[in-house]
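Take a look at the structure set out below.
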Amino acid sequence: MSIKTDKAIENHKNGYTCSGAVMCAFADDAGLSEQEAFDVSRPFAGGRMGKCGAVLAAEQVLREKFGEKADSMIAELERRFTEMNSSVVCRELKGFGTGKVLRPCRGCVTDAAAILEKMLSE
């Protein structure tokens, strides 16, 4: 793990939502204060339009940092996350309807943060 991924995990352990944990760990990369990052992440908690909230937060960091240039990076983030977890869909990851959990929330936070941190360093 590395510093920001560890921070996202710690945030989640301290009660942050999946999206808040990731967004706040990368607030400086997004050019936001931690409070602003937390506020931006609120609609993503528990997923939005079916997508995992941790993934949505990582995508939002890319949007804030790179603007329109983020589109290809977002596609790559989703590709990497799906490669690791078989899906970016919250219901599927949590096993709703199937009973088969692909990845618990903390794992999604870890993976989304680690992928984002790696992408930001490339």
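Read-outs throughout are calculated quantities, based only on the coordinates presented, and are distinct from any laboratory measurement. These numbers were taken from a predicted model, which means no experiment stands behind them. As a convention, Cβ positions derive from the backbone with ideal geometry for all residues, glycine included, and neighbour counts pool all protein chains shown.
Total residues in region 71-82 satisfying the condition of being surrounded by fewer than 21 Cβ atoms within 10 Å (Cβ to Cβ) and in contact with a helix residue (DSSP H, G or I) (Cβ under 6 Å, 6 or more places away or on another chain): the figure is 3.
Let's see how each residue does on (1) hydrophobic (A, V, I, L, M, F, W, C); (2) closer than 10 Å to Gly20 by Cα; (3) surrounded by 14 or more Cβ atoms within 10 Å (Cβ to Cβ):
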{"residue": "Phe38", "(1), (2), (3)": "yes, yes, yes"}
{"residue": "Ala45", "(1), (2), (3)": "yes, yes, yes"}
{"residue": "Val55", "(1), (2), (3)": "yes, no, yes"}
{"residue": "Val61", "(1), (2), (3)": "yes, no, yes"}
{"residue": "Glu64", "(1), (2), (3)": "no, no, yes"}
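The residue of region 83-106 that is nearest to the chain's Cα centre (by Cα), among those that are surrounded by fewer than 17 Cβ atoms within 10 Å (Cβ to Cβ) and under 24 Å from Ala27 (Cα atoms), is Arg106.
Residue-wise test of (1) of a type outside the set (A, V, I, L, M); (2) in contact with a strand residue (DSSP E or B) (Cβ under 9 Å, 6 or more places away or on another chain); (3) touching a residue at least 12 places away in the same chain (Cβ under 8 Å).
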site	(1), (2), (3)
Glu36	yes, no, no
Gly47	yes, yes, yes
Lys69	yes, no, no
Ala75	no, no, no
